[in-house]
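First the structure, in the form of structure tokens, and then the observations on it.
The values are calculated or read from the model by the stated rules, or taken from the named source; none is laboratory data. If you're wondering where the values come from, they're calculated on a predicted model, not measured in any experiment. Every residue, glycine among them, receives a Cβ derived from its backbone with ideal geometry; neighbour counts consider all protein chains shown.
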Amino acid sequence: MTEIERLLKEQYGFITSQEELLAVVSENPFQKCLVRCGNGRFLCDAKDVFVKTKPEAVAPDYVRDVSIYRKW
């Protein structure tokens with residue numbers, strides 16, 4: 001089972017750590033990810049996801065969560 005398949009099965013596609021994001025990027029850098037933030041949501045490639053983890057990063061445009069995008 002690949003890391004992307006494991007995340008989809010066990011965590012419903014949610015990426016909860018930097019290590020999981022790096023594993024997705026190493027498996028498929030062009031995997032589409034859904035990024036939800038304070039100002040809305042957008043799709044981007046996994047290689048382009050950048051999340052600040054410092055507490056002072058909380059602003060109107062903070063990232064709430066990142067998940068693997070999958071068309072059903």
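Look at Asp48 and say whether it is at pLDDT below 95 and surrounded by 13 or more Cβ atoms within 10 Å (Cβ to Cβ).
When the stated conditions are applied, Asp48 does not pass them.
I want to confirm something. Restricting to the range 1-49 and keeping residues that are of a type in the set (Gly, Ala, Ser) and part of a helix (DSSP H, G or I), which single residue is nearest to Arg70 (Cα to Cα)?
Filtering the range 1-49 down to residues of a type in the set (Gly, Ala, Ser) leaves 13, 17, 23, 26, 38, 40, 46.
Applying the additional criterion that residues be part of a helix (DSSP H, G or I) yields 23, 26, 46.
On the way: Ala23: 17, Ser26: 18, Ala46: 13 Å.
So, considering only residues that are of a type in the set (Gly, Ala, Ser) and part of a helix (DSSP H, G or I), the one nearest to Arg70 (Cα to Cα) is Ala46.
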